[in-house]
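Since the structure comes first, as structure tokens, the remarks are kept for the end.
Any read-out appearing in this document is the output of simple, stated calculations on the displayed coordinates, not a laboratory observation. Given the structure is predicted, the values throughout are model-derived calculations rather than measurements. All Cβ positions, glycine included, derive from the backbone under ideal geometry; neighbour counts span all protein chains shown.
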Amino acid sequence: MIFDFANAKLKKAQTVILGIPFDRSSSYVPGNRFGASFARIGSCNVESYSPYFNQDLSNYKIHDAGDLALPYSSVIKTFRQIQKTVRKYTKLGKHILSIGGEHTVTIPIVKELVTHYPELRIIQFDAHSDTRDQLLGDKYSHATVIKRISEFIPADRIYQLGLRSITRPVENQNQYLFSVLKYLDQVKNRIGHHPCYLTLDIDVLDCGIFPAVQTPVPNGISYQELFASIVKLSELDMVGCDIVEYNPTTSANLTYASVVAEIIRELILMMNQVETPKI
């Protein structure tokens with residue numbers, strides 16, 4: 001099954017949707033690896049027209065590349081495979097929207113993109129800061145994502161919004177608590193014309209309205225704030241994005257699959273508002 005709004009072969013596509021069913025380090029409720037598959041089901045219930053952008057996905061060329069077959073025996077081999085795939089699509093001039101899977105998948109995606117965009121900035125929507133050095137002895141974990149990324153991207157180029165579960169504040173890092181929209185104009189002004197990547201951990205939403213996550217945290221943002229924030233980000237040069245940590249096993253209610261599919265619709269439109277030069 002592919003996304004209902006996937007309408008193009010790879011050669012003509014502007015955007016590539018890539019499922020990354022990686023669920024190795026889940027420390028609370030595993031099941032993120034099924035996220036992309038359920039989002040595809042949910043897309044059958046989502047209109048191609050966005051009232052937020054006043055645009056229709058039918059006017060854009062979108063290719064669903066399916067899910068990566070990952071070598072679970074080795075996280076290093078998995079990362080290499082993800083990087084190789086991102087490299088392939090980036091060299092073809094495609095926007096890539098990756099669907100996790102746990103948040104760990106963002107590490108190899110960004111590591112590859114920064115070789116193509118040396119001035120890359122990262123925007124993270126998340127309940128968690130993900131700045132631990134290790135979790136349960138594992139340096140490559142959903143809780144260490146930003147710590148690992150900050151080893152090859154300067155911390156002052158990373159913007160974390162919506163946080164409410166923090167290990168400790170990180171020096172020279174831009175951390176914004178409880179809200180996303182409130183701080184976006186400030187973040188946009190600081191990023192300017194630099195290429196930007198959005199990593200959207202779905203647990204940035206309040207767990208009372210979206211409980212289908214691995215590690216729920218209360219007092220999150222609303223749907224309205226999330227959609228308004230995505231529209232505002234479209235003014236930046238968004239070269240890629242991911243949506244991670246959707247866990248359909250925590251709820252049999254396909255409502256959440258439709259919600260994720262609708263967010264994906266908005267993310268595709270967000271990336272296609274500013275023309276990104278081909279590599």
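Numbers for the structure displayed
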item	result
Cα-projected label distance for Lys88 with Ser58, points at 7 Å along beta-carbon direction, nm	3.1
Expected 222 nm ellipticity per residue - DSSP helices of 4 or more, -39500 (n - 2.57), all of the chain, to 500	-9000 deg cm²/dmol
Percent of beta bridges antiparallel (DSSP, the chain, rounded to nearest 5)	10
Sequence of Thr104, Thr167, Thr15, Thr215 once ranked by neighbouring C-beta atoms within 10 Å, starting from the fewest	Thr167, Thr215, Thr15, Thr104
Rounded if a/c under 1.5, otherwise prolate or oblate - segment 46-190, Cα gyration tensor axes	oblate
Axial C-alpha extent at least 20 Å, average Kyte-Doolittle at least 0.0 - helices from the chain (DSSP)	255-271
Other-chain or far-sequence residues with amide H under 5 Å of Tyr159's (modelled H)	Ile122, Ile123, Gln124
Full-stretch length increase - Thr115, Ser251 - with 0.36 nm per residue and alpha-carbon distance subtracted	45.1 nm
Separation of the Tyr223 and Lys11 label points, Cα + 7 Å toward Cβ, nm	4.0
Inter-centroid distance (Cα atoms) of segment 172-217 relative to segment 21-74, Å	19
Stokes-Einstein D for segment 10-271, Kirkwood Rh over Cα pairs, 37 °C, 0.692 mPa s (µm²/s)	182
Rounded, prolate or oblate (a/c below 1.5 giving rounded, otherwise prolate when a/b exceeds b/c) for segment 154-273 by Cα gyration tensor	oblate
Sorted by Cβ density within 10 Å, fewest first, the residues Met238, Met270	Met238, Met270
Distance violations [Cα-Cα > 28 Å] among Lys11/Lys111; Lys77/Lys182; Lys11/Lys188; Lys11/Lys84; Lys77/Lys147; Lys9/Lys188	Lys77/Lys182; Lys11/Lys188; Lys9/Lys188
Cut-off 11 Å between beta-carbons: net charge of the residues surrounding Gly220, Lys and Arg +1, Asp and Glu -1	-4
Diffusion coefficient, µm² s⁻¹, Stokes-Einstein with Kirkwood Rh over alpha-carbon pairs of segment 62-109 at 25 °C and 0.890 mPa s	216
Within a Gaussian network of the chain (alpha carbon springs, distance under 10 Å), most fluctuating of Glu235, Glu102, Glu151	Glu151
